[in-house]
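Undergrad: Submitted below is the structure of interest, expressed as structure tokens.
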Amino acid sequence: MVKGIAALWLTLAAVPDTMTATDGRAMPWRGGPSRTSRLVAFGQVGSDAARVPGRHLAETDEGLLLAAAIRDVSDRMRLETLRDEFIHNAAHELRTPLAAIAAAGDLLADGLAAMGEAQRDRAVEVLRRQCERATTLVANLLDLSNLEGGRLELQREAVDVAAALQHVFDTAPAPGGTTVEVRGVEAVKLVADGARLEHVLTNLLTNAYRYGGHHLRIDGTCQEGWVRVAVSNDGPGVMADLIPRLFEPFMRGTTACAVGGSGVGLALCRRRVEAFGGEIWYETAEPHGACFVVVLPETR
Amino acid sequence: VSATILVVEDEADLLYLVRAGLEADGYQVLAAASAEEALGVLGRAKPDAMVLDLRLPGMDGLELLRLVRRQGGRLANLPVIVMSAHASAGTKRTARELGVTLYVVKPFALHALRDAVGGALDQTPPERA
């Protein structure tokens, strides 16, 4: 397969000894009748013959005349593969809240009479929380589809960061043994779509639960009309080679296969935050760990 | 004396529900939120069966099971019921090779898991006898 060429279009007036790709790379083309077969083979290697848009061959006084357009679809094929994996992972992710919903329903149905009030309340709480979790996963899928199709409709409203965080913790509480320290978010309000901002914060927090250490911090600060919310942890941080592609769709670290995740969370976070007029980026936390920073317009 | 079941599950809500269901059947339940925690529990207690999630933070469930089986003795034959969202034939085959008694795919009916535990212990749950 041809690698390293984002898009390759070639139009040949006559078969040359070498072809030049759009990235300036010279591609050798040996002489003789094999030139034609090489072209076909090249099309098949990069993708398949059906994806080579045009190919005409004629004998002229100047020699063999050939017009060809070859497109390297390696990236598109890679994306298609990643998309298939994403659908698989998304379905897999949905099984977890569905399992809790099904088990809570069974427990309530089987043991309603024998259950104490506290146990009943807890089972109902699980139902509510896991329904919200499943809803968030479905909302992510819909947003991804709408963002790609340019159909996403956002609300712009004043969002109280402390209240949004409280709701996020209700939906995605920290696992046992993990502490979350929240500072500087009291009375801080920013402009965003409230529900989607909560999705962003939920994503950053659940990533920290999965990949971070046992101590998380959320720091809010306001400066010159902007609100900065940093979500950091004391885990191992993101591997250096992964950082440049961290916000690309379908990116997951090597540990992600073991601990789950659909691979679009951070890509969606970036698109949502940018749609609100803000920015999101990654920093290495000190002395170690990951830190994700979201900056959005402040409102008073 | 009722049987003791070790439940290994990192999702707190699911752990709570499985525990509540098994306790309703009269079992003693020990809980672990990770493979490492489970190894600690297995070092100091002697559960009669283990209910195991495969996707865990850190060491995964199959790796835990390999370690458990390698320790030999009573752990070589400890009845294990897997509850997992992984439903691939390959994962199921590996689990079978590691001596898993039953493989329950999430989402599952809680009574199916409770019955599976009873079946793995080859006895009727004490409270449902």
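A short reminder: the numbers here are calculations on the coordinates, not readings from a lab. Computed from a predicted model, the values in this text were never measured in an experiment. All Cβ positions, even for glycine, are placed from backbone atoms using ideal geometry, and neighbour counts span all protein chains on display.
Undergrad: Residue by residue, what Karplus-based ³J(HN,Hα) values in Hz, rounded to whole numbers, does segment A:97-109 have, using 6.51, -1.76 and 1.60 with θ = phi - 60° and x for Gly and Pro?
TA: With the stated coefficients, segment A:97-109 comes to x, 5, 4, 5, 4, 4, 5, 5, x, 4, 5, 5, 5 Hz.
Undergrad: Further question on the same structure: Taking only the alpha-carbon positions of segment B:7-123 and ignoring solvent, what does the Debye formula give for the base-10 log of I(q)/I(0) at q = 0.11, 0.12, 0.19, 0.22 Å⁻¹?
TA: -0.30, -0.36, -1.00, -1.43
Undergrad: Could you order peptides A:193-205, B:35-47 by the average number of other Cβ atoms within 10 Å of their residues, highest first? Mind dumping the intermediate values first?
TA: Working: A:193-205: 22.5, B:35-47: 16.2.
In descending order of packing, they fall as A:193-205, B:35-47.
Undergrad: Here is a follow-up. Order by neighbour count: B:LYS106, A:LYS189, B:LYS92, fewest other Cβ atoms within 10 Å first, most last. List each step's numbers first, then the result.
TA: Details: B:LYS106 24, A:LYS189 19, B:LYS92 16.
Lowest count first: B:LYS92, A:LYS189, B:LYS106.
Undergrad: On full extension of the chain, what length is gained from A:TRP226 through A:ALA174, given 0.36 nm per residue of separation minus the C-alpha to C-alpha distance?
TA: Values: separation 52, 0.36 × 52 = 18.72 nm, distance 2.77 nm.
Separation in residues times 0.36 nm, less the Cα-Cα distance, equals 15.9 nm.
Undergrad: Still on this structure: Largest first, please: the extent of the C-alpha atoms of segment A:65-216 along each principal axis, to the nearest Å.
TA: 85, 44, 33
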